[in-house]
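K.L.:
Input: one structure, supplied below.
The values are calculated or read from the model by the stated rules, or taken from the named source; none is laboratory data. Every value quoted in this text rests on a predicted model; they were computed, and no experiment measured them. As a convention, Cβ positions derive from the backbone with ideal geometry for all residues, glycine included, and neighbour counts pool all protein chains shown. Remember, those area values only see protein heavy atoms, side chains included, never the ligands or the DNA or RNA. Shrake-Rupley method; radii C 1.70, N 1.55, O 1.52, S 1.80 Å.
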Amino acid sequence: MRIFVTGGAGFIGSAYVRHLLERTDDEITVFDALTYAGAWSNLDEVRHDPRLTLVQGSVADRAAVRQALPGHQAVVHLAAESHVDRSLLDADVFVRTNCDGTNVMCDIATQIGVDRFLHISTDEVYGSIEEGSFVETDGLQPRSPYSAAKAGADLIAMAYHETYELPVVITRSSNQFGPYQFPEKLIPFFVTTLLEGGKVPLYGDGLNVRDWLFVEDNCRGVQTVLNHGKVGEVYNIGAGNERTNREITDVILAALGKDESSVDYVEDRMGHDRRYSIATAKTEALGWAPSMTFEAAIEATIAWYVDHRAWWEPLRERVKNR
């Protein structure tokens, strides 16, 4: 099968491409705009595989998509602006990439007649929940420009299924971490900041809760849904690793031999959701389950950043200059 992976040079996308090339016989085309968070170097481990083709282009560029997409049987649509803090400063780019880009991808995929269109989304579209966990049929209550743009993208993709019979399947994953994550996200930002001798900024009281999912487990979940998910359905992917930001901070401090003096308490950000939690029974019924404990995954992730300063140090300069 030939699979067209948008955003395949980013954190999750590159992990998914490596996963495919290591475990399947599929041919992969990576289509990526190479914005600040994407780089071909994220695919260095597999870049010379003859089954991999790299194409630079934006999902919002109709002509570029029309030229690159024909001949593929499946689309895995990961391309998105995804950082909440950035969306609070400039929502326009989030709407263009996440909504306009998804519309272009769905439209061209419908014209071509792909066999499968897997749209990758986030648990943040459900909004915050005090108790219990969201299931796939719950309503969407996004609370940031980022999550609103992703919710809009979900609805656009599903509308193409309902109206044009595009074979859409959607996954909604919880917070992910692992190697090659751009160092603006919480775990790599905190690890790299501490490795540089700085203080980590902890929002508010630090008690906001997220479910932390190792990126490789997400890739396995995405592949399970691509192969076995029912068209027109949504599937949650989470690990059941609910931790407060304070707990995550303490784990990283301990791993790097730091203490409370390395924490800087800052004012909470606008619209900061208190708790995310999703039920994953529907995805587990397809035969998927997380394979790594949180403790093993976070230890391996921190060790990766310790050993790969040459990868993240130039990216830290980009973060500082934005």
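K.L.:
Restricting attention to the stretch 39-49, does a residue exist that is within 27 Å of SER174 (Cα to Cα), among the small types (Gly, Ala, Ser) and modelled with pLDDT of 95 or more?
P.N.:
Within the stretch 39-49, not a single residue is within 27 Å of SER174 (Cα to Cα), among the small types (Gly, Ala, Ser) and modelled with pLDDT of 95 or more.
K.L.:
Between residues in the stretch 203-219 that are in contact (Cβ under 8 Å) with a residue 12 or more places away in the chain and part of a strand (DSSP E or B) and residues that are hydrophobic (A, V, I, L, M, F, W, C) and open to solvent by 30 Å² or more (accessible area, probe 1.4 Å), which pairs lie under 7 Å by C-beta distance while being six or more apart or on different chains?
P.N.:
TYR203/VAL266; PHE214/MET292
K.L.:
Something else: Just checking, does the stretch 232-240 include any residue being loosely packed, with under 12 Cβ neighbours inside 10 Å and either within 30 Å of VAL168 (Cβ to Cβ) or in contact with a helix residue (DSSP H, G or I) (Cβ under 7 Å, 6 or more places away or on another chain) (or both)?
P.N.:
No: the stretch 232-240 contains no residue that is loosely packed, with under 12 Cβ neighbours inside 10 Å and either within 30 Å of VAL168 (Cβ to Cβ) or in contact with a helix residue (DSSP H, G or I) (Cβ under 7 Å, 6 or more places away or on another chain) (or both).
K.L.:
Give me the pairs, please: first residue somewhere in the stretch 299-316 and outside any helix (DSSP H, G or I), second residue anywhere and modelled with pLDDT of 95 or more, beta-carbon distance under 9 Å, and either six or more positions apart or on two chains.
P.N.:
Close Cβ pairs (under 9 Å, with a partner that is modelled with pLDDT of 95 or more) amount to HIS308/PRO179; HIS308/TYR180.
K.L.:
Pick from the stretch 275-322 the residues that are of a type in the set (Val, Ile, Thr) and open to solvent by less than 70 Å² (accessible area, probe 1.4 Å): which of them is nearest to GLY221 (Cα to Cα)?
P.N.:
Looking at residues that are of a type in the set (Val, Ile, Thr) and open to solvent by less than 70 Å² (accessible area, probe 1.4 Å), I get THR283.
K.L.:
Suppose we keep only residues that are of a type in the set (A, V, I, L, M, F, W, C) and assigned to a loop (DSSP other than H, G, I, E, B) within the stretch 1-27. Which one would you say is most open to solvent (accessible area, probe 1.4 Å)?
P.N.:
Applying the filter and picking the extreme gives MET1.
K.L.:
Let me ask another. Counting only residues that are hydrophobic (A, V, I, L, M, F, W, C), part of a strand (DSSP E or B) and modelled with pLDDT of 95 or more, how many does the stretch 230-276 have?
P.N.:
3
K.L.:
Please state which one of ALA15, ALA68 is touching a Phe, Trp or Tyr at 6+ places or on another chain (Cβ under 9 Å), modelled with pLDDT of 95 or more, within 30 Å of PRO201 (Cβ to Cβ) and not hydroxyl-bearing (Ser, Thr, Tyr).
P.N.:
ALA15
K.L.:
Limited to the stretch 187-202, what total is found for residues that are in a strand (DSSP E or B) and either closer than 30 Å to ARG23 by Cβ or open to solvent by 10 Å² or more (accessible area, probe 1.4 Å) (or both)?
P.N.:
1
K.L.:
Determine the pairs where a residue that is at negative phi and at pLDDT below 95, located within the stretch 182-199, has a partner that is buried (at least 21 other Cβ atoms within 10 Å of the Cβ) and among the small types (Gly, Ala, Ser) with Cβ atoms under 9 Å apart, the partner being 6 or more residues away or on another chain.
P.N.:
Once the first residue is at negative phi and at pLDDT below 95 and sits in the stretch 182-199, its partners that are buried (at least 21 other Cβ atoms within 10 Å of the Cβ) and among the small types (Gly, Ala, Ser) give PHE182/GLY10; PHE182/ALA37; PHE182/GLY38; GLU184/ALA37; LYS185/SER82.
K.L.:
Something else now. Quick one: which residue in LEU166, LEU155, LEU118, LEU140 is under 19 Å from the mean Cα position of the chain (by Cα) and under 18 Å from VAL225 (Cα atoms)?
P.N.:
Sole residue among the options that is under 19 Å from the mean Cα position of the chain (by Cα) and under 18 Å from VAL225 (Cα atoms): LEU118.
K.L.:
Return the residue satisfying two criteria in turn: it lies in the stretch 251-274 and is crowded, with 17+ Cβ neighbours inside 10 Å and charged (D, E, K, R), and of such residues it is farthest from the chain's Cα centre (by Cα).
P.N.:
LYS258
K.L.:
Please identify the pairs in which a residue from the stretch 114-136 that is closer than 9 Å to THR171 by Cα and among the polar types (S, T, N, Q) has its Cβ atom under 9 Å from the Cβ atom of a residue that is open to solvent by 20 Å² or more (accessible area, probe 1.4 Å) and in a loop (DSSP other than H, G, I, E, B), counting only partners at least 6 apart or on another chain.
P.N.:
Every condition considered, the pairs that remain are SER121/ALA80; THR122/ALA80; THR122/SER82.
K.L.:
For the stretch 28-69, how many residues meet the condition of being assigned to a strand (DSSP E or B) and either open to solvent by 30 Å² or more (accessible area, probe 1.4 Å) or farther than 29 Å from PRO188 by Cα (or both)?
P.N.:
4
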